[in-house]
Each structure stands twice: as C-alpha cells, then as structure tokens.
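Read through the structure below, which is laid out as structure tokens, and then see the notes.
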Amino acid sequence: INFVSFGRTDKFPDNFLFGVATSAYQIEGAWNQSGKGESMWDWFTHNFPERIQDTSNADIACDSYNRYEEDVSFLKDLNVSFYRFSISWPRIFPNGQNNRVNWEGVNYYIAVFKLLKEFNIEPVVTLYHWDLPQPLNNLGGWTNPLLVDYFANYVRFCYEQFGQYVKYWITLNEPQTTCINGYSSTEFAPGYNIKGLGFYYCAYVHLLAHARAYHIYKDEFYETQQGKVSIDLTMRWMEPLNKSDESHVLAAERTLQFTMGLYGHPLYLGDWPQIVKDNVDKRSELQGYARSRLPKFTSEQIDFIKGTNDYFALNYYTSNLVYPTHDITEDLNETSYGKDMGVSLSIDSSWPSSTSSWLYNVPYGLRSMINWVAEQYDNPEIFILENGFADLHTLDDYDRINYLNGHLCHTLRAINEDKRTVIGYALWSLMDNFEWSDGYEQSFGIIAVDFSSVNLTRTVRASYEWYKNLIESRTIDCEDFE
Ligand code: PNW
C-alpha cells in the first residue's frame, strides 16, 4: 500500500475488533407482536408521549424484528467482526418472570444468532438495555432489590438458550444514564424523580444484579461456554474548568468518582468510593435523615461484587468542564446527587457541537477516559462498546466522519502511546433508531432509515462508506487529530 499522499496514516493492531451497536427497544418495533409483553418504555411512551420530543414511540421503530435479514446483510457488507445488540427481556418473559416463556421470541434471537454465525460475525450481547418488563417496573423497578432475583432467572435462561453462540456478554447497559435520567429526573422511563435517593438506590440494585448475573455465569455456564461477562459503563470525561486551580482539579476527580467510580470502585476495588460515602453520609446527617441516603453494602455483598468484570465495557460520547460550587456542609436545602458532589458542569465554547443538546465533539476525552479507567482499576482489558454522533438525518454526514475519525485516532494513541489494552470499538449506531426522549429527531445511524416510508427504507450514509473502508484497510489518517 502506498501511503505517500495521505499524510500520516496509522494502523490498528491485527486483532483489534471493529463493530457496530444497536439495542432492542430502539430498533425492533413489533412491540406487542408474537407474544411480547409490555416494557417500561412501551408504558412510558404510551402514557407520557409529551415527554418525547416528537411525541413518538418505538412501537414500530426500524421494524428489525421483521427485517433482521436486511439489517444483517449490511453487517456482512461492512465486514464487521462483531455486532452488539440486546435481548428484550419482555420478549422472552412477557410478564418478567420465568413461569411463562415466549418461545416465538426465543426463536427470533436464535434465528439472528444463526445468521450472524453463517457470516462469521461475533455477537456481543447486552442482556438488558433499558426495556424492563412493565410488571417489574410496577414493583419499583431498579429501586427494588427483589429485582436481583428476577434478573437472575432471566439471565440464566438466556445463558441456557443462547450461550452456545455468545463469547461476550454484557449484563446491563449504562446504569449511570438511567439512574440519572430515569430515577433522578422525569426524562427517561420510568420517570421517577426520587431526588437524592434514586441515583444511589438504582446503582445499588444494578450492582447487585450484575454481580448475581456474573456469578451465575461463572458457576453454571463458564466451563462449557467459555465466555466473558461485563457491565457496560459510560461517563462523560470531566475536565477541570481551570486546570491550575487545585479546587477545580479536585471537583473534576470527585465528579468522576460519583459517576464512573460509583460502579468501577465496587467492581474492582470493593465498596463505594470513599468520597461518595463521606459526602452523602455527611450531608444526610446534616439534613436530619435517620440513615444515610447512600445504601450500605454488607461485607458479604462487597466481596460478592468485587472482581465481577471480565473486561471493561466502556461507552464514551462527550466531555464536560467542572468547577466547584459549595462546601458539602453548606447548601443543605436541596437534596440531590449534584449537591452531594458540590460541582457544576459546563462546556468549552471551542468544542464543536452536534445537533443533540448534550453531545459535543471532544475526541481527546476518550483517550483521557481510557487512561483514567486504566489507572484506577489496574489496566483492565477495555472494549469500547458505544461511540457516535447525532445529526439531523444528513446523508453526507461529514461531521459524523470527523467525530469518528477523531475518536478512533485517540483510541489508537491510547493503545500505541499510553500502552493501554483496548480490544475493540463499536460504533453507535448501525442505523437511525428511536433515540429515547429525542424520539426520531436525532439520528445516530451510519445507515439512514426513512421512518415515513412503508418499507422503512434503509440508505447508507457517507460515514458508512468511510467506516467500511476503515475496516478494510485497518488504517486511519490522524494528521488533523492531535
Ligand atoms: C447511550 N450522555 O445513551 C445509550 O446506550 C444508547 O441507547 C443511546 O441511543 C446512545 O447513547 C445515544 O444517546 C447515552 O448524556 C445517553 O452523556 C446520554 C449520554 C450518554 C449516553
């Protein structure tokens, strides 16, 4: 190959995995077809349409339940090594419990697994991507520790039925996002704004559920199936607003511990991060609570959770600037996790925006995040399982290409210069889909979907061709992405 006129060209390691990602509720549609039960997102969008930008829902979405063959043909054409997708819990157990199995749903996923296998595409499978069976949401959802038992029954069934096809399992997708948006705000399902409590109870139940799912796999399936199990974590990179001000540096570190550390610390080091215990316990006491708003792990639970991540599944989209706002012994009237951190977030005006309100293009933040995770948790194997960019349905999506190019260059730098172990990268997303509270307004796909057409016509974007080319050449031009 002749690199001459292309500036500096970097090559990915031979074993680096390229893939794309989706999730069940966002693409499948068929919300009540063939025996599927109601999920909390069905319930949420049907009952509170005004909470979704375009008052839409994912009753039909991309209709991938009926069109998966077409979707897999794109995966084949792209020549990805793997496809990350999720299994819909209420499609398997319509009421959330294992007393009634929906075999049509089971057979759907088996058909997908078989097709992927035929094309040599590795499935990377998320067991739960936010579509909780509604009967379990009625019990309090992720604030109720009983959910751990129901989740255990569901994952055991999935390991039994699908385990022969799967080497990479993800138990839960981005609990940070849902514990903030769904249990400390009304933005995402279930919309329970349980200020100052929801954020921590939700994390507590997710961690216990993940650890149970991990141990079930290790104890009952690992010997025959030899797969790896992880929980998918995300966080924005947190940069001090003023790097030369020590209080800003501490505020950024504190924010990382309250978000990524809230999960990473119990998983790798045991128990909540010290700063989280200190701040929440102190403020709870000063606010007159009889017990801390932070639920406590028993020593058995600490041991049960520690060491349950075979690889670090990392999603990264964007960054924030952080500055301190108050001493945690002050400003006690408002009870919220934000006040427990004592910080405010902003953005750098030089960061290019996307069309999505929260998403700015900050590629070096991914490299910083990789390094932070590596340093905190003793160099785990990192698998980037989501990274992507929002626009308004442009086919010539050069801003997306620019975003992806930058993030992949910084991933390479983390591998080559910082000597971190990053084993692969999944682009979010294969195609446009239901973007939660943004409905269909924001598009993340490298394939456009025409949601107003009868056949939900799929059209490849410029970024699709760009990614296809990258996968083929395994090289990338990083000259403009220092
Ligand atoms: C992820 N943030 O959510 C989800 O896993 C996907 O289902 C979703 O479609 C995708 O990212 C794009 O939004 C996130 O505010 C939502 O930093 C919000 C943030 C990050 C991830």
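Any read-out appearing in this document is the output of simple, stated calculations on the displayed coordinates, not a laboratory observation. Computed from a predicted model, the values in this text were never measured in an experiment. Here Cβ is always computed from backbone atoms with ideal geometry, including for glycine, and neighbour counts include all displayed protein chains.
Observations on the model:
- Any hit, segment 357-371, residues being aromatic (Phe, Trp, Tyr), within 16 Å of Ala313 (Cα to Cα) and surrounded by 15 or more Cβ atoms within 10 Å (Cβ to Cβ): no
- Ser349, sole failed condition from (1) touching a Phe, Trp or Tyr at 6+ places or on another chain (Cβ under 7 Å); (2) free of Cβ contacts under 8 Å to residues at least 40 places away in the same chain: (1)
- First in segment 352-375 and within 12 Å of the ligand (Cβ to nearest atom), second anywhere and β-branched (Val, Ile, Thr), Cβ under 6 Å, 6 or more apart: Leu359/Thr318; Tyr360/Thr318; Tyr360/Ile347; Val362/Thr318
- Scope segment 314-340; condition under 22 Å from Asp271 (Cα atoms), touching a Lys or Arg at 6+ places or on another chain (Cβ under 9 Å) and within 16 Å of the ligand (Cβ to nearest atom); matching residues: Tyr337
- Any hit, segment 377-389, residues being in a helix (DSSP H, G or I) and either surrounded by fewer than 19 Cβ atoms within 10 Å (Cβ to Cβ) or of a type in the set (S, T, N, Q) (or both): no
- Positions within segment 467-482 being on the phi < 0 side of the Ramachandran plot and either acidic (Asp, Glu) or in contact with an Asp or Glu (Cβ under 9 Å, 6 or more places away or on another chain) (or both), in sequence order: Lys468, Glu472, Thr475, Ile476, Asp477, Cys478, Glu479, Asp480, Glu482
- Restricting segment 7-36 to residues that are among the hydroxyl-bearing types (Ser, Thr, Tyr) and touching a helix residue (DSSP H, G or I) at 6+ places or on another chain (Cβ under 6 Å) leaves a set whose member that is farthest from Tyr440 (Cα to Cα) is Ser34.
- Yes/no for Pro90 being more than 21 Å from the chain's Cα centre (by Cα) and in contact (Cβ under 8 Å) with a residue 24 or more places away in the chain: no
- Filtered residue count, segment 383-407, keeping only those that are within 13 Å of the ligand (Cβ to nearest atom), among the aliphatic types (A, V, I, L, M) and closer than 18 Å to Phe18 by Cβ: 2
- Residue among Val112, Val166, Val155 that alone is in contact (Cβ under 8 Å) with a residue 40 or more places away in the chain, more than 16 Å from the ligand (Cβ to nearest atom) and touching a Leu at 6+ places or on another chain (Cβ under 6 Å): Val155
- Every pair of residues 6+ apart whose Cβ atoms lie under 6 Å, when the first sits in segment 12-39 and is of a type in the set (Phe, Trp, Tyr) while the second is part of a helix (DSSP H, G or I): Phe18/Ile471; Tyr25/Trp41; Trp31/Asp42
- Verdict on Ile231 being surrounded by fewer than 20 Cβ atoms within 10 Å (Cβ to Cβ) and aliphatic (A, V, I, L, M): no
- Leading residue by the ranking (nearest to Gln225 (Cα to Cα)) among those in segment 181-208 that are without any contact (Cβ under 8 Å) to a residue 60 or more places away in the chain and within 14 Å of the ligand (Cβ to nearest atom): Gly182
- Looking only at segment 408-460, and only at residues there that are assigned to a helix (DSSP H, G or I), within 16 Å of the ligand (Cβ to nearest atom) and not small (Gly, Ala, Ser), the one that is farthest from the chain's Cα centre (by Cα): Asp438
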